[in-house]
Amino acid sequence: MIDHEALPWPGLAPIDDAARIARAAAFRDTMRTRRTCRYFNDRPVPRAVIEAAIEAAGTAPSGANHQPWHFAVIASPALKAEIRAAAEEEERAFYAGKAGDEWLDALAPLGTDADKSYLEVAPWLIVIFGQRRGGIEPGDDKQNYYVNESVGIATGFLLSALHAANIVTLTHTPNPMGFLNRVCERPTSEKPVMIVVAGHAAADATVPAHALRKKPLAQITSWL
């Protein structure tokens, strides 16, 4: 093993197997209540909630521990309107045929369309960027590794933390997303991955029945 600075393993509070199973099942049941929401109201969410959720995302494992992510958090009504206008322009082309029939057929049971009004209504937009270069120290310009995988894990942490705080979310991926670099004033070396819309559900919010269909354990698992 290469010589490196190391600290003692911090350890976890001892619990028995019954408690482990209960905790895993409780988390599973909590996450089963998470739904993607497309209908928001404008009720404020404290900035401290968003900060804590992003800090949780920042604990995710990453290639070489370079943490190749940046979260641009937007509350400005003007910027949200700009993002909506640019996203809807792309979405109109998408739904007009750019996506192809198979993709549009797959989306049909979800009832989605080019209207992205939630981008203006929800109190927070979190634009997640993957950093091709960086490193752990400010000003580093090193090659980052497993960027997509690392950012994906961090995004999962973020969504879980927001759900734990009773904040509803939507993941939005306009295509192409290059305009987000300009709006968020991020360098072209960073790649926008998605927008996480965060806030409270509208009183009349609905969920597509199709979205409740989840593959059972036997379909998503192999025991070898």
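The values are calculated or read from the model by the stated rules, or taken from the named source; none is laboratory data. Computed from a predicted structure; not experimentally measured. Positions of Cβ are generated from backbone atoms using ideal geometry, with glycine treated the same way; all protein chains shown enter the neighbour counts. Note: accessible area is taken over every heavy atom of the protein model, side chains too, but ligands, DNA and RNA are not part of it. Shrake-Rupley method; radii C 1.70, N 1.55, O 1.52, S 1.80 Å.
Computed values, structure above
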quantity: Which listed residue, of Arg92, Arg84, is surrounded by 13 or more Cβ atoms within 10 Å (Cβ to Cβ) and over 28 Å from Val49 (Cα atoms); calculated: Arg92
quantity: Test result for Ala18, at pLDDT 95 or above, loosely packed, with under 11 Cβ neighbours inside 10 Å and under 24 Å from Glu190 (Cα atoms); calculated: no
quantity: Counted residues, segment 25-81 - those being open to solvent by less than 60 Å² (accessible area, probe 1.4 Å), closer than 25 Å to Ser189 by Cα and without any contact (Cβ under 8 Å) to a residue 24 or more places away in the chain; calculated: 1
quantity: Given (1) part of a helix (DSSP H, G or I); (2) of a type outside the set (Ser, Thr, Tyr); (3) open to solvent by 20 Å² or more (accessible area, probe 1.4 Å), index of the condition Asp113 fails; calculated: (1)
quantity: Top-ranked residue of segment 188-224 - restricted to ones that are assigned to a loop (DSSP other than H, G, I, E, B) and touching a helix residue (DSSP H, G or I) at 6+ places or on another chain (Cβ under 7 Å), ranked as most open to solvent (accessible area, probe 1.4 Å); calculated: Thr188
quantity: Exclusive hit being over 18 Å from Met31 (Cβ atoms) and either part of a helix (DSSP H, G or I) or open to solvent by less than 40 Å² (accessible area, probe 1.4 Å) (or both), set Leu170, Leu180; calculated: Leu180
quantity: Subset of segment 116-130 [open to solvent by 50 Å² or more (accessible area, probe 1.4 Å) and either at pLDDT below 95 or not charged (D, E, K, R) (or both)]; calculated: Val121
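A quick yes/no check of all residues on (1) outside any loop (DSSP other than H, G, I, E, B); (2) within 30 Å of Ala209 (Cα to Cα); (3) under 19 Å from the mean Cα position of the chain (by Cα); (4) not basic (Lys, Arg):
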site	(1), (2), (3), (4)
Met1	no, no, no, yes
Glu5	no, no, no, yes
Trp9	no, no, no, yes
Asp29	yes, yes, no, yes
Ala48	yes, no, yes, yes
